[in-house]
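What follows is one structure encoded as structure tokens, with my remarks underneath.
Derivation of every value follows stated rules applied to the coordinates shown; laboratory data play no part. Keep in mind that this is a model prediction, so the values were computed, not measured. Neighbour counts run over all protein chains shown; Cβ positions are idealised from the backbone, glycine included.
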Amino acid sequence: MVAERMETRRERMGKRNEERGMKMERLRRAKESGQGVVVDLEFADLMTDGEIHSLVQQIMYCYAVNGRSASPAHLWLTGCTGEMENQLQRIPGFDKWIIEKESKSYIEALEDQKENLVYLTADAETVLDELDLKKIYIIGGLVDRNRWKGITMKKANDQGIQSARLPIGNYLKMSSSQVLTVNQVVEILLKFLETKNWKDAFFQVIPQRKRGGDQSEAEADAETEVAEDAADVVTADGGELDMGDTDEATDEEVNDGCVNKKPRTDETEDTA
Ligand SMILES: C[S@@+](CC[C@H](N)C(=O)[O-])C[C@H]1O[C@@H](n2cnc3c(N)ncnc32)[C@H](O)[C@@H]1O
């Protein structure tokens, strides 16, 4: 009995090590040739400590989802200084993450790529149709309940870089604003990289309560199909948990990007 249990454990550990190895390899490859995605961390001064904490949880989730993705992105954290950096450094295993960490702003760190920088913002006029491997997409690292409405649009305009919004309105009607959280945007981009299908990406990532009714029959059918597929994912994710739940993860899990519980913060941008 004991021997059997030890054997099962050994097998499980072997499988985990193998998966970890494959994930590391995918992330290393993404660093060479994956889609560039930046989380802009220059807004820490505009957030409370609690909001910074929420953002850190969202970043942990982004890293975990990226590690599991079949087509991971080349992820950057830029403008990583002060309290933001302190809180990130407290994540067990953060030092070993396969991600670009920059204290410089993206505009400095990616100076030679300025014409390829695209700030993603719900306030942009341009709608994103496709993801272009040559471009680098920037996401505002903000948890603000849209208190700072338009701030990323203004930043992109001031810096003279391109901006674009996700094509949400082409596929669904939201019951509230189209302002999503950082982890939702990252997850949508990753799903799109995998499937090249915005509709699937939106239906799989945006919680049903945020998606309004009033869809066409075709949309409703598509939703049913995707929802059935997504049911497995949701079950595997273990649902949404309170902020702080990721504290339950072991060092090893965080290091591996196995933190797979969605931050509850995906509800917090509704007030826009
Ligand atoms: C919680 S929102 C921050 C809202 C903030 N008030 C602003 O002006 O950007 C976090 C980030 O996710 C990205 N984002 C959220 N919804 C988006 C959408 N519909 N289209 C494109 N980017 C979006 C933006 O980069 C945004 O800065």
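Summary table
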quantity	calculated
Residue order, fewest to most surrounding Cβ atoms within 10 angstrom, among Thr48, Thr181	Thr48, Thr181
Test item: Cα-centred dipole of the range 28-148, Lys/Arg +1 and Asp/Glu -1 on Cβ, debye	640 debye
The range 65-155: GluC sites (Glu not before Pro) in DSSP coil with no more than 10 other Cβ atoms inside 10 Å	Glu125, Glu130
FRET efficiency for Leu46 and Leu133, using Cβ-Cβ distance with R0 set to 22 Å, rounded to 0.05	0.10
Ascending count of other beta-carbon atoms within 10 Å, so fewest first, for Ile151, Ile136	Ile151, Ile136
Greater than 26 Å apart at Cα, pairs in Lys15/Lys210; Lys135/Lys191; Lys135/Lys155; Lys23/Lys134; Lys101/Lys210	Lys15/Lys210; Lys101/Lys210
Ranked list, fewest to most other Cβ atoms within 10 Å of each Cβ, for Asp158, Asp132, Asp200	Asp158, Asp132, Asp200
Alpha carbon centroid spacing (whole Å) that separates the range 68-90 from the range 103-117	16 Å
